[in-house]
Amino acid sequence: MSAKVPVRAERRENPAARKVLGTVAGALAASLLAVCLPGRSWAQENQGSIKISFVSFLSGPASGPFGVPARNGAEVIVKALNQGALAAPYKTKGIAGRKIQWKFFDEAGGPQQQVAQYRQLVEREHSDVIIGYISSGDCKALAPVAEELKTLTVYFDCGSPTIFEDVDVNPHYVFRTGPHAMMDEAALARYTVGVDPNVKTLAGIDQNYDWGQESWKLFLAAMEQLKPGIQVTASQFPKLLSGQYGADISTLLTGRPDAIYTSFWGGDLEAFILQGNARNLFNGRRLLLSAGEPAMYRLATQIPDGTVICARGPHGVFAPDSKLNRQFRKVYHSAYGSWPTYPSYKIAQAILGVKTAYENAAKAKAGAAPNTEEVIRALANSKWVGPSGPVELALANGHQAIQANAIGQFKYDRAKGRPEIVDIKRYAARCVNPPPGVKSIDWVHSGFKGAQCD
Amino acid sequence: MAAAALRRDFTPVILTAALVLLLAGSAVVPAYLRFLFELALANGLAVMGLMLLMRAGLVSFGQGLYYCLGGYTAGIAGSFLGISDVFALLALGAAVAAVVGLLCGLLIARYREIFFAMLTLAFTMVLYGLLINNERLGSTDGFNVPAPHFLGWAPEGERLGLTLFVVTCVLVYVVALGLHRYLGSAMGYLGEAIRENELRVEYLGASVRRLLLVKYVLAAVLAGLGGVLTGLAVGHVDPDLANWTTSGEFLFMALLGGIENVAAPLLGALVLELVRSYALEYAPYLWQMTLGATMLVIILFLPGGLWSLARMRKGADLTPEL
Amino acid sequence: MLTLVVIVLDGLVYSSWLFIVAVGLTLIYGVLRIVNVAHGSFYALGAYVMASAAGYYFARGLPPQANYLIIPLAALVVGLVVGLPLERGLLRFFYGRDQVVLVLVTYAAFLVLEDATKLVWGVDPYYAVEPYRLLGTLSVGGLPYAVYDLCLIGVAGGLGAVLWWGLNRTRNGKLLGAVIHDREMSEAFGVNVTPIFTATFVLGAMLGALGGALTAPEISVVPGVGAEVIVLAFAVVVTGGLGSVVGAMLGALIVGMARAAVIHLAPSVELFVVYLVMAVVLALRPQGLFAPAAARKI
Amino acid sequence: MTEPLLEALRLKKAFDGLAAVDDVSLTIAERELVGIIGANGAGKTTFVNIVTGYLKPDSGQVRFRGGDITRLTPREITRLGIVRSFQVAQLFPDLTVLDNALIALAVAARTEGSFFRPLKRYELVEQVFGLLRGFAIDAYAAHKTAALPQGVRKLLDIAMAMSGRPRLVLLDEPTSGVSKDEKFLLMDRLLEALVQSGASVLFIEHDMELVERYAQRLIAFNEGRVIADGAPAAVLADPQVRAFVGGAPGKQPQGERPTSDALA
């Protein structure tokens, strides 16, 4: 017998058709009505304020390391701005004198879901600005939608260089206030060759998804430029979130590489380090973590000393000392009991960039509220200072940020019982980012043509 | 006597009314809502295919395979081959789904119950894996699908959205009418006959395997069409279309709406979109729980899906009087 | 040669893990005919309970060797606190309904439990690595292996043996076998299946949680660990033959070995090798490798 | 002499080494009405299963109107004009009698591949009522078959089989599960309809009274072999038959309860 399907009824000629029609129409009307109702009310409801919708992962595996720290960072900054309590040069209340209303949304569900939600943020929530998105897939899918719906959209994190290089080559409404992955990989390669000039063999282990594949490709290309003839002993691509790396670790061990590169993050990174440690994988070889910073406090006692840590920009421990940075760290820590990591910094930097542009645009109009086009004009090619230092929108018609980068080595201070970063090297923004109009991968293959390093 | 057994068929009326309502509504409702409906209709196509299989007693966990194939066909044709006409893309997507459906169907039509489900799951996950390993197609991130043309006409922005919506509505309407006819034909009835008693069908002289193969291919084509429309509506395709969660969602939609009538899967798809959009809005931290709870309530209190509400009003017995 | 040894050893470790994670699923399916998606929740909950309990345990400086007792305790707690109410309070209302309906009911339960877990533990990762590192390493062919991993092989073997013995050599086990073979007939002969269902479900839940608790020391426990395990476990038990303990063992071995081999030889295939194996096995043997004999119903 | 309708030549079938049908040869002519008797496990149903293609014999041959049908599938054999009924009526329990018969008729008319032509069209429904009337079950047309009395289910089962105008009908215990009082009524209706159709009928029956009354010819099975074949009176008087098959007319052992092993 075949499986029975639970639904049975007379169905072809339904004498209750009118009732059905009534029910369906009723259900439709009810849901329509419900959907058209105003959404969740905005925090800090106020007349004449600026509505910012934030989107990042609030559920799923990326929520812990990225999504929630970003949310918390946004909350810290927005609250401080609304109180006018933020350090200079952001002392003015709100944005251009207007209060910030804000809401946070989950980035779950993939591009399909996110496109639907994005349209609601624009058309139902009437957001003035949308700041968000961690996943490159979401960023790529949303770019054309944002251009179509003519809404200022600021990507604070997603790392794929291709967004403005291939997908949205002529951006108008879309900005990215965080540098893309090219910067991380170029700086990491330079750092590696700097501290281990004799590195001859290299192995990579990256999650089998776009960002993992792209990171490894860029890093390897950069290493091949800086250290011609470098040998790759293994390039492992375990499934995202697989959590079991026994066989991969065996492969890495048998190759005996000088250095092991990984773009792992979150639970996968932690599991890999725990399992690699237990099997002496890191004894006598350098571990390079291109996105290791969010894990460094939580995993403090597990990360081998000398591990090269990258924070995807000069964020967190790498952030240069400033009043703004000290305040950000202090307020964040007192609110959440942990230190802000790079997602918190990146979202803070996005908010402050928007604030600066709004205020510059308002200044040009002698204080009148600027429209979106005016804000965009003010934001493009602009410069401002975030808690991690200066940011400049220099690529992709002034829509893509570049920033100086900083990389260092992990060291656990047993006396103080907390981790620290030593041997920090800083790289000028134009040293590790491609010049305008050049695709990242072409830039690497050209031998970093046009790089301005000190 | 025979005349008494033949009742008036209201489904075409309902479908036409729904079409008119949707088209008229598209002028009034905000665009995000129209978009939600469009997604629901596109998904509804895939769910209608699933309904065909479920009525024959087969539950597929792998309709995402054809949904994804449809989406990727549209994307590849648009981005790499320069084919952008909506109707050409639909035909292409349907053709690819049909060919792959036929090949898989030849093997899969022998399977029943959980083994059918698991084999369909395996197939879709293999495609998922292949796409993730393909960097040219954007790996997990997928790639964007260029805006389609309509017989040489290339609208932009709001007008494009509206046109695509109209095309989607009309296509779904035509497919639903056709499918409704199909369900009332000998082959349609034989689906239930197979579910109820395969042996008897064989002993009447019909080939169960051939009948199921046709249904499987039809379901594949419907999912493929849904995938094309989704790809064009979202403007982006990614391997998640083939992930098992997508197929699971189709199943949820089928259960939510019911499988008694062609309109039921569409209703299920629509309600799920709305519930999810709602849950994400009002409970961004607990939307999974909201979705799960909704699912439980429906399964517990409306085992026949939302469509059965109509029956409950009338009372249980709808057996035609003679 | 070394590669072959390494593949076999890596494969064995992974197979053992797979078996421990999947065996509860096959048991529940065998007796209750439920494809239990919530198995992923049991796994995740087992991992969370273990990680937080072990963290607490080591923070208090209690005798380290005794920490392994927490693992079965965590499984027991999850089985009783989550498995029991789930079966009594929800699933039993759906017995006799279609298999697909039950899949969706357990899927819904999984979604609810997923957010409930998040409410209790938050989104931050938990880890408790001490039990993993405490046992040290052992060199095999010059390659260090974690003794904890090697112990998994023993645990899986022992678990398989105990289950086999329990099912085939004890009175209750034989009763269970009868129910697996033909539920209606067993009921007709006066077997009260209700307590059998409950006990099996709780046992299956404990096994799922045991898998999570055993895994917790070598991973960091984050939201979403459960979802990753479900489909994998399905693939294993379907490959082996749904409802058979021996089948689960065989399925785990085949899948584990295939995965270890491709990780060493063609890393990017790892992503779908599990499903490829399942598709090939099902194409050749439609019921999986070890389908338990079913009573003829025609 | 014309060719026989059905010819079974030295059929053998064993299950796990146990012979169920052991060297059976027999022929059925056009328009014959043949009864088969035998104790449980004598091989009667196995014989029917082999003829209709559900089981393949270990050796031997089945010929139908001169052609070899031994290796054909049940579906192909049905198409050739051999149909059967089952000990337990094989219906579509969740559909109405009308739908059951409509489906049967559509398949018989080879329109099962029709996509868009409504099944419930006037002329076909008329035809179905005609068919149902022939078996006097038209009053049940709107009922789901799951809820019908046994006798009606049995008649519907056979009516559906008859919709293809077969040449040979094999009935596997048409009266099992039907109360004693209704048995004669059922057989009357049944055989009237079948004989009228011009088909040959072969029926398995335990009730000797029924066999004696309806069969023109009788075949007795025992332990997989034919032990007697001929006029009913002669076969029933055969001492071997009396010993093995047991049960003089009216005194047959209690008919087995309607188990679900119709094809076992």
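The values are calculated or read from the model by the stated rules, or taken from the named source; none is laboratory data. Not measured: the values here are computed from a predicted model. So basically every Cβ, Gly included, is an ideal-geometry build from the backbone, and we count neighbours across all protein chains shown. Calculation scope for accessible area: heavy atoms of the full protein, side chains included, ligands and nucleic acids excluded. Shrake-Rupley method; radii C 1.70, N 1.55, O 1.52, S 1.80 Å.
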**Q.** Search result, residues across segment A:110-126 that are open to solvent by 10 Å² or more (accessible area, probe 1.4 Å), in contact with a Lys or Arg (Cβ under 8 Å, 6 or more places away or on another chain) and part of a loop (DSSP other than H, G, I, E, B)
**A.** A:HIS126
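What are the residues in segment B:224-238 that are more than 9 Å from every other protein chain (Cβ to nearest Cβ) and of a type outside the set (Gly, Ala, Ser), if any? Give the derivation first.
Filtering segment B:224-238 down to residues more than 9 Å from every other protein chain (Cβ to nearest Cβ) leaves B:224-229, B:231-232.
B:LEU225, B:VAL228, B:LEU229, B:LEU232, listed by residue number.
Determine which member of the set A:ILE376, A:ILE407 is hydrophobic (A, V, I, L, M, F, W, C) and in a helix (DSSP H, G or I). Even if it seems obvious, please write down each step before you answer.
Working: A:ILE407 fails: in a helix (DSSP H, G or I).
Matching residue, one of A:ILE376, A:ILE407: A:ILE376.
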Q) Across segment B:196-209, what is the number of residues that are facing chain D (nearest Cβ under 8 Å) and assigned to a helix (DSSP H, G or I)? A) 7
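Among the listed residues C:VAL245, C:VAL237, C:VAL225, C:VAL221, identify the single one that is within 14 Å of chain B (Cβ to nearest Cβ) and among the β-branched types (Val, Ile, Thr). If you could, list the steps in order and put the result at the bottom.
Details: C:VAL245 fails: within 14 Å of chain B (Cβ to nearest Cβ); C:VAL225 fails: within 14 Å of chain B (Cβ to nearest Cβ); C:VAL221 fails: within 14 Å of chain B (Cβ to nearest Cβ).
None of the others qualify; the one that does is C:VAL237.
Quick check: anything in segment A:285-300 among the small types (Gly, Ala, Ser), out of contact with any Cys (no Cβ under 8 Å at 6 or more places or on another chain), crowded, with 21+ Cβ neighbours inside 10 Å and within 25 Å of A:ASP258 (Cα to Cα)? I'd like the intermediate steps shown before the answer.
Start the filter on segment A:285-300 by keeping residues that are among the small types (Gly, Ala, Ser), which leaves A:290-292, A:295, A:300.
Checking the rest, the ones that are also out of contact with any Cys (no Cβ under 8 Å at 6 or more places or on another chain) come to A:295, A:300.
Okay, now just the ones that are also crowded, with 21+ Cβ neighbours inside 10 Å, so A:295.
Filter once more, so that each one left must be within 25 Å of A:ASP258 (Cα to Cα): A:295.
Looking for residues that are among the small types (Gly, Ala, Ser), out of contact with any Cys (no Cβ under 8 Å at 6 or more places or on another chain), crowded, with 21+ Cβ neighbours inside 10 Å and within 25 Å of A:ASP258 (Cα to Cα), one finds at least one in segment A:285-300, hence yes.
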Q: May I ask you to list the residues in segment A:48-58 that are open to solvent by 10 Å² or more (accessible area, probe 1.4 Å) and within 14 Å of chain C (Cβ to nearest Cβ)?
A: A:PHE57
Q: Answer yes if at least one residue in segment A:143-152 is away from every other protein chain (no Cβ under 13 Å), buried (at least 19 other Cβ atoms within 10 Å of the Cβ) and more than 23 Å from A:ARG329 (Cβ to Cβ), and no otherwise.
A: yes
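Out of B:GLY62, B:GLY93, which single residue is away from chain A (no Cβ under 14 Å), open to solvent by less than 30 Å² (accessible area, probe 1.4 Å) and outside any helix (DSSP H, G or I)?
On the way: B:GLY93 fails: outside any helix (DSSP H, G or I).
Among B:GLY62, B:GLY93, only B:GLY62 is away from chain A (no Cβ under 14 Å), open to solvent by less than 30 Å² (accessible area, probe 1.4 Å) and outside any helix (DSSP H, G or I).
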Q) Inside segment A:128-141, can you point out the residues that are under 23 Å from A:TYR342 (Cα atoms) and part of a helix (DSSP H, G or I)? A) A:SER136, A:GLY137, A:ASP138, A:CYS139, A:LYS140
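Okay, residues lined up against (1) crowded, with 17+ Cβ neighbours inside 10 Å; (2) within 14 Å of chain A (Cβ to nearest Cβ):
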position: C:LEU2; (1), (2): no, yes
position: C:VAL13; (1), (2): yes, yes
position: C:HIS39; (1), (2): yes, no
position: C:TYR43; (1), (2): yes, yes
position: C:VAL49; (1), (2): yes, no
position: C:ARG60; (1), (2): no, no
position: C:ALA66; (1), (2): no, no
position: C:ILE70; (1), (2): yes, no
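Determine whether segment B:176-187 contains at least one residue that is under 25 Å from D:ILE77 (Cβ atoms) and either facing another protein chain (nearest Cβ under 9 Å) or in contact with an Asp or Glu (Cβ under 9 Å, 6 or more places away or on another chain) (or both).
Yes; the residues of segment B:176-187 include at least one that is under 25 Å from D:ILE77 (Cβ atoms) and either facing another protein chain (nearest Cβ under 9 Å) or in contact with an Asp or Glu (Cβ under 9 Å, 6 or more places away or on another chain) (or both).
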Q: Tell me, yes or no, whether segment A:237-259 has at least one residue that is within 14 Å of chain C (Cβ to nearest Cβ) and touching a residue at least 60 places away in the same chain (Cβ under 8 Å).
A: yes
Q. Is it the case that segment A:199-220 has a residue that's open to solvent by less than 10 Å² (accessible area, probe 1.4 Å), within 24 Å of B:ALA233 (Cα to Cα), at pLDDT below 95 and within 18 Å of the chain's Cα centre (by Cα)?
A. no
Q) Looking at segment D:77-109, which of its residues are more than 8 Å from every other protein chain (Cβ to nearest Cβ), more than 15 Å from B:ASN197 (Cβ to Cβ), of a type outside the set (Gly, Ala, Ser) and over 16 Å from the mean Cα position of the chain (by Cα)? A) D:LEU105
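Report, by residue number, each residue of segment A:91-106 that is in contact with a Phe, Trp or Tyr (Cβ under 9 Å, 6 or more places away or on another chain) and not hydrophobic (A, V, I, L, M, F, W, C). Please lay out each step first, then the result.
In the first step, residues of segment A:91-106 are kept if they are in contact with a Phe, Trp or Tyr (Cβ under 9 Å, 6 or more places away or on another chain); the result is A:95-96, A:98, A:101-106.
Answer for segment A:91-106, where residues must be in contact with a Phe, Trp or Tyr (Cβ under 9 Å, 6 or more places away or on another chain) and not hydrophobic (A, V, I, L, M, F, W, C): A:ARG98, A:GLN101, A:LYS103, A:ASP106.
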Q. Do you know which residues across segment C:198-218 are under 22 Å from A:GLY266 (Cβ atoms) and open to solvent by less than 10 Å² (accessible area, probe 1.4 Å)?
A. C:GLY211, C:GLY212, C:ALA213, C:THR215, C:ALA216, C:PRO217, C:GLU218
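Out of C:LEU284, C:LEU271, C:LEU265, I need the residue that is within 19 Å of A:GLY246 (Cα to Cα), surrounded by fewer than 24 Cβ atoms within 10 Å (Cβ to Cβ) and modelled with pLDDT under 95. Which one?
Only one candidate passes the filter, namely C:LEU265.
Show me the strands (runs of 3 or more DSSP E) found entirely inside segment A:145-258 where at least 1 residues are closer than 30 Å to B:TYR32 by Cα. Walk me through it before giving the result.
Details: elements: A:152-155, A:174-176, A:201-205, A:231-236.
Because the criterion is at least 1 residues that are closer than 30 Å to B:TYR32 by Cα, the strands (runs of 3 or more DSSP E) in segment A:145-258 that meet it are A:152-155, A:174-176.
For segment B:158-186, how many residues are in a helix (DSSP H, G or I), in contact with a Lys or Arg (Cβ under 9 Å, 6 or more places away or on another chain) and not aromatic (Phe, Trp, Tyr)?
The first filter runs over segment B:158-186 and keeps only residues in a helix (DSSP H, G or I), leaving B:158-184, B:186.
Those left that are additionally in contact with a Lys or Arg (Cβ under 9 Å, 6 or more places away or on another chain): B:161-162, B:165, B:180-181, B:183-184, B:186.
Still in the running and not aromatic (Phe, Trp, Tyr): B:161-162, B:180-181, B:183-184, B:186.
Of the residues in segment B:158-186, 7 are in a helix (DSSP H, G or I), in contact with a Lys or Arg (Cβ under 9 Å, 6 or more places away or on another chain) and not aromatic (Phe, Trp, Tyr).
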Q: For residues that are more than 14 Å from chain C (Cβ to nearest Cβ) and in contact with a strand residue (DSSP E or B) (Cβ under 8 Å, 6 or more places away or on another chain), tally how many sit in segment A:295-324.
A: 15
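Would you point out which residue out of D:VAL125, D:VAL152 is touching a residue at least 12 places away in the same chain (Cβ under 8 Å), at the interface with chain B (Cβ under 7 Å from one of its Cβ atoms), among the β-branched types (Val, Ile, Thr) and not in a loop (DSSP other than H, G, I, E, B)? Don't jump to the end; show me each part of the working.
Working: D:VAL152 fails: at the interface with chain B (Cβ under 7 Å from one of its Cβ atoms).
Result: D:VAL125 is the single residue among D:VAL125, D:VAL152 that is touching a residue at least 12 places away in the same chain (Cβ under 8 Å), at the interface with chain B (Cβ under 7 Å from one of its Cβ atoms), among the β-branched types (Val, Ile, Thr) and not in a loop (DSSP other than H, G, I, E, B).
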(Q) Criterion first (open to solvent by less than 20 Å² (accessible area, probe 1.4 Å), among the acidic types (Asp, Glu), outside the structural domain of A:THR153 (by TED's automatic domain parsing) and closer than 23 Å to A:LEU188 by Cβ) does A:ASP305 satisfy it? (A) no
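Every residue in segment C:125-154 that is surrounded by 14 or more Cβ atoms within 10 Å (Cβ to Cβ) and of a type in the set (Gly, Ala, Ser), please. First the steps, then the outcome.
Step one: of segment C:125-154, the residues surrounded by 14 or more Cβ atoms within 10 Å (Cβ to Cβ) are C:125-135, C:137, C:140, C:143-153.
If the condition is that a residue be surrounded by 14 or more Cβ atoms within 10 Å (Cβ to Cβ) and of a type in the set (Gly, Ala, Ser), then C:ALA128, C:ALA146 are the ones that fit.
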Q: Report, by residue number, each residue of segment B:112-165 that is open to solvent by 40 Å² or more (accessible area, probe 1.4 Å), modelled with pLDDT of 90 or more and of a type in the set (A, V, I, L, M).
A: B:LEU130, B:ALA147, B:LEU151, B:LEU162
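From C:GLY83, C:GLY89, C:GLY157, which residue is more than 14 Å from chain B (Cβ to nearest Cβ), small (Gly, Ala, Ser) and open to solvent by 30 Å² or more (accessible area, probe 1.4 Å)? So that I can check it myself, show each step before the final result.
Working: C:GLY83 fails: open to solvent by 30 Å² or more (accessible area, probe 1.4 Å); C:GLY89 fails: more than 14 Å from chain B (Cβ to nearest Cβ).
Exactly one residue qualifies, and that residue is C:GLY157.
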Q: Tell me which of these A:LEU86 doesn't satisfy, since it passes every other one: (1) at pLDDT 80 or above; (2) assigned to a helix (DSSP H, G or I).
A: (2)
**Q.** Answer residue from segment A:260-280, given it is out of contact with any Phe, Trp or Tyr (no Cβ under 7 Å at 6 or more places or on another chain) and closer than 14 Å to C:ARG133 by Cβ and is nearest to the other protein chains (Cβ to nearest Cβ) among those
**A.** A:ASN280
